[in-house]
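Taking it in order: structure first as structure tokens, then the write-up.
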Amino acid sequence: MPTDNSLFLIDIEEVLRKKAPRHYKCIPGFFFSYLKRIIHQEEINSFFCSPGGRKTGVDFLEATLDFLDTKVEVKGYENLPDEGLYTFVSNHPLGGQDGVALGYILGRHYNGKIKYLVNDILMNLHGLAPLCIPINKTGKQAKDFPLMIEKGFQSDDQLIMFPAGICSRRQKGIIKDVKWKKTFIVKSVQTHRDIVPVYFNGRNSNFFYNLANITKALGIKFNVAMLYLADEMFKNRHKTFTVTFGKPIPWQTFDKSNTPAQWAEYVKNTVYTLQKQ
């Protein structure tokens with residue numbers, strides 16, 4: 001295992017330099033200082049330097065839950081199949097604890113044979129990277145998007161997806177995912193993976209939802225609210241969340257009686273019915 005702490009740490013300036021080299025030079029220093037504060041760079045790096053933060057895979061997820069003092073109650077555990085390959089799809093209320101907790105539960109059940117299909121920026125997290133299949137629809141990696149999706153579904157890992165692609169938003173007073181993308185339907189049918197619906201009970205702060213709605217109303221395409229997800233994660237420390245697993249839906253269900261987009265909406269609605277259980 002590497003001993004140099006720098007291999008484990010987050011450097012938001014370096015991340016932006018690599019992700020947006022043309023814009024990097026135009027970003028003022030005070031913005032980086034503010035960004036480091038709202039992403040809790042110092043606190044997160046302190047965790048990464050600890051024994052738990054140096055772990056990888058499912059052990060890293062467990063250590064992260066301990067660091068955040070997050071407890072999880074599981075409902076429908078009996079719905080987790082012991083054999084076969086599945087696509088686990090969940091609502092995305094938090095952007096932090098939900099992904100970590102879901103990966104931990106499934107990772108322990110399936111002996112670490114899980115993969116997230118996630119934004120490639122999460123590959124900067126050393127402990128999480130082994131569990132991630134990076135996907136990015138923008139930038140230089142856009143051409144690799146179909147290939148990486150195919151790689152995930154052709155693997156022998158259980159797949160974890162948040163089909164909304166972004167965290168839940170408050171819409172007409174109700175906190176709920178935006179429209180789910182159809183990819184998980186198309187690829188699950190092609191690879192004969194049954195789909196397991198998952199509901200995660202939780203929410204972010206009013207500030208987060210208000211910011212997301214304001215930037216949308218202003219026509220700002222960049223997901224500004226995403227910058228505050230780490231801050232939201234820290235606001236949600238010391239809490240207990242409930243995750244509910246529904247019964248697997250056979251891939252044969254998703255026939256031509258509906259379009260893939262309509263089936264995606266069907267599964268999304270199924271997920272939200274689980275909150276009543």
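So which trypsin sites (Lys or Arg not before Pro) in region 9-76 are both in a DSSP loop and have at most 15 other Cβ atoms within 10 Å of their Cβ?
25
Under 5 Å between amide H atoms, partner at least 5 residues away or on a different chain: which partners does residue 91 have, H built in plane at 1.01 Å?
198, 200
Taking the simple approach of a point 7 Å from Cα along Cα-to-Cβ for both residue 237 and residue 59, what is their distance in nm?
With each label placed 7 Å out from Cα toward Cβ, I get 2.4 nm.
Please compute the modelled spin-label separation between residue 258 and residue 174, points set 7 Å along Cα→Cβ, answer in nm with one decimal.
1.6
Return 132, 26, 49 ranked ascending by Cβ neighbour count within 10 Å, so the fewest neighbours appear first. Walk me through the intermediate numbers first.
On the way: 132 19, 26 8, 49 12.
With the fewest neighbours first, 132, 26, 49 line up as 26, 49, 132.
Within a 10 angstrom radius of the beta carbon, how do 195, 135 rank from fewest other beta carbons to most?
Lowest count first: 135, 195.
Within 10 Å, count the other beta carbons around each residue, average over each peptide in 98-111, 235-248, and list them highest first.
98-111, 235-248
Counting other beta carbons within 10 Å of each residue's own, what order do 92, 192 fall into, fewest first?
192, 92
Let me have the 222 nm mean residue ellipticity of the chain computed from DSSP H runs of 4+ only, each contributing -39500 (n - 2.57), with the sum over all residues rounded to the nearest 500. If you can, show how the numbers build up before the last one.
Working: 11 runs with 104 residues, N = 277.
Helix contribution divided over all residues of the chain: -11000 deg cm²/dmol.
Hey, could you pull the Cα Rg and Dmax for the chain, both in Å?
Computed over the Cα atoms of the chain, radius of gyration and Dmax are 18.6, 56 Å.
Quote the FRET efficiency, to the nearest 0.05, computed for residue 191 versus residue 33 with a Förster distance R0 of 51 Å and r equal to the Cβ-Cβ distance.
Efficiency computed from Cβ-Cβ geometry: 0.65.
Read-outs throughout are calculated quantities, based only on the coordinates presented, and are distinct from any laboratory measurement. Note that the structure is a prediction, hence the values are computed from the model and not measured. As a convention, Cβ positions derive from the backbone with ideal geometry for all residues, glycine included, and neighbour counts pool all protein chains shown.
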